[in-house]
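Quick notes on the structure that follows.
The values are calculated or read from the model by the stated rules, or taken from the named source; none is laboratory data. This structure is a prediction, so every number in the text was calculated from the model and none was measured. Don't worry about glycine lacking a Cβ; one is built from the backbone with ideal geometry, like all the others, and counts go over all protein chains shown. Each accessible area value is taken on the protein alone, full model and side chains, heavy atoms only, with ligands, DNA and RNA left out. Shrake-Rupley method; radii C 1.70, N 1.55, O 1.52, S 1.80 Å.
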Amino acid sequence: MLGTLTWVRALDRPDLLAAPVHAALTAWVAADAEVADAVLVTEIDPDLADTAALTAAYDLPPAASANCVLVAGRRAGEERVAAAVVRATTRADVNATVKRLLDVRKASFLPTDRAVEESGMEYGGITPLGLPAGYRVLVDARVVVDDPDAGGTVVVGSGVRRSKVALPGALLARAPGVEVVDGLGLD
């Protein structure tokens, strides 16, 4: 399907998904049966989980990979947290777009230990699927459109470093809680 990896239905390999990711996929399938066959998972070498190493080792087009970062800011004493999902060939516009969407004066990346603890996912495997209920999930519009180099597929984390999830970008746009945002990713 994509690169030199062997992809299978994600729900058939719960051992390759973090617990919150598996729970979110199970709930999503209950609401949309198409998800069961469209969301795939593959096992990878965890030392190759970072995008540059992953794309080189497994012959994946860089445009297929999307990165998910967790960002927070405060307004009137209330913390606001969001996941920002952008193509790996871009970077999240934290200082303008995310800050504006969260309506905060300053937005910063969550510290790694906090991101891992709150998400229930491993560093390097954090994904927009299965995040805590209070988190907003902001997905750059370029992630959900068919990129000719990516074949319409988006590769994201699985919640663990030893695997990756692939799904159509258009399906990711329909995932529970996802907000598609123009201009979230910067070149």
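For the criterion of being under 19 Å from Leu54 (Cα atoms), without any contact (Cβ under 8 Å) to a residue 40 or more places away in the chain and surrounded by 15 or more Cβ atoms within 10 Å (Cβ to Cβ), Ala150 fails. Residues of the stretch 1-44 that are touching a Phe, Trp or Tyr at 6+ places or on another chain (Cβ under 9 Å), of a type in the set (S, T, N, Q) and more than 19 Å from Tyr58 (Cα to Cα): none at all. Where strands (runs of 3 or more DSSP E) sit wholly within the stretch 130-187, those with at least 2 residues that are out of contact with any Asp or Glu (no Cβ under 9 Å at 6 or more places or on another chain) and β-branched (Val, Ile, Thr) occupy 153-157. Between residues in the stretch 56-69 that are farther than 17 Å from Met121 by Cβ and residues that are part of a helix (DSSP H, G or I), which pairs lie under 7 Å by C-beta distance while being six or more apart or on different chains? Short answer, once both residue conditions are applied: Ala57/Leu48; Leu60/Leu54; Pro62/Thr55. Scan the stretch 120-128 and give yes if some residue there is over 13 Å from the mean Cα position of the chain (by Cα) and either assigned to a loop (DSSP other than H, G, I, E, B) or hydroxyl-bearing (Ser, Thr, Tyr) (or both), otherwise no. There is at least one residue in the stretch 120-128 that is over 13 Å from the mean Cα position of the chain (by Cα) and either assigned to a loop (DSSP other than H, G, I, E, B) or hydroxyl-bearing (Ser, Thr, Tyr) (or both). Filtering Ala24, Ala72, Ala63, Ala38 for residues that are of a type outside the set (S, T, N, Q), under 20 Å from Arg161 (Cβ atoms) and within 17 Å of the chain's Cα centre (by Cα) leaves a single hit, Ala24. Exactly one residue out of Thr26, Thr55 is at pLDDT below 95 and surrounded by 14 or more Cβ atoms within 10 Å (Cβ to Cβ), and it is Thr55.
Reported count of residues in the stretch 73-103, each being farther than 30 Å from Gly151 by Cβ and either in a helix (DSSP H, G or I) or open to solvent by less than 10 Å² (accessible area, probe 1.4 Å) (or both), is 6. Screening Val41, Val21 for residues that are buried (at least 19 other Cβ atoms within 10 Å of the Cβ) and under 12 Å from Val155 (Cβ atoms) leaves exactly one candidate, Val41.
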